[in-house]
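Laboratory data are not the source of any read-out in this text; all were calculated from the coordinates shown. Because the structure is a prediction, the values reported are computed rather than measured. Methodologically, a virtual Cβ is constructed for each residue, glycine included, from the backbone with ideal geometry; neighbour enumeration extends over all protein chains shown.
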Amino acid sequence: MIKLHHLNKSRSKRIIWLLEELGVEYELVAYQRDATTFLAPAALKKIHPLGKSPVLETSEFTIAESGAITEYLIQTYGADKLMPKVGSADYIDYLQWMHFAESSAALPLLLKIFVKMEGAETRFIGPYADAETAKVISYVNDRLAGKRYLVGDSLSGADIMMSFITELVGQNGEFEKYPNIAKYYQQLLTHEAFKKALKIEADN
Ligand SMILES: N[C@@H](CCC(=O)N[C@@H](CS)C(=O)NCC(=O)O)C(=O)O
């Protein structure tokens, strides 16, 4: 059976949601962050040299990176669900959002949270994180105008990847500033598998 190596409060929630959405049987192997460093425990390094989560372990291979895991699971178990047809216009959008989540979007948002955790005045990083976050998140907010989902009008892997980003926007207290993203998050919450993933995350 597939094993999901899950760290509390992490991007791994994306994969819990996806596995639940696809109805794939899996075992959740839970790890807890160090209370001081907030890093993963050493035990996760025994599963994958990066020691980060999520990691998916199958009978044939072990794979890290939530985007890669999302693509693998949808291509293997999706049966044409959760991704548009390759070659369609929606597929181009899908590709962009799948990659945007972990590249353009994640860094500035996380930097903003780290600067806040540090609690010190910064000369470069703080203003950089604020300006870049505003740039990339305004883009998402604009693209969501009048839309329920990022790609076409149905849930896709891109939304599951972007759910983590959406939560970071909420965590930064910026839902009011980005109303289309706030509405989008409510739309994601209509999916039972997402609500189940939130509960599994909270319990582990
Ligand atoms: N790009 C990777 C990022 C993985 C990552 O940084 N995971 C974080 C949790 S969200 C982690 O394991 N942090 C603990 C550590 O680095 O020790 C992905 O999308 O899976």
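Some points to look at:
- Candidates in the stretch 91-128 are the residues that are in contact (Cβ under 8 Å) with a residue 24 or more places away in the chain and aliphatic (A, V, I, L, M); of these, the one that is farthest from T36 (Cα to Cα) is M98.
- Residues within the stretch 13-67 that are within 12 Å of the ligand (Cβ to nearest atom), assigned to a loop (DSSP other than H, G, I, E, B) and in contact (Cβ under 8 Å) with a residue 24 or more places away in the chain, tallied: 9
- For P84, the test of being of a type outside the set (S, T, Y) and within 10 Å of the ligand (Cβ to nearest atom) is failed.
- Q75 falls short on exactly one of the conditions (1) surrounded by fewer than 18 Cβ atoms within 10 Å (Cβ to Cβ); (2) in contact with an Asp or Glu (Cβ under 7 Å, 6 or more places away or on another chain); (3) in a helix (DSSP H, G or I), and that condition is (2).
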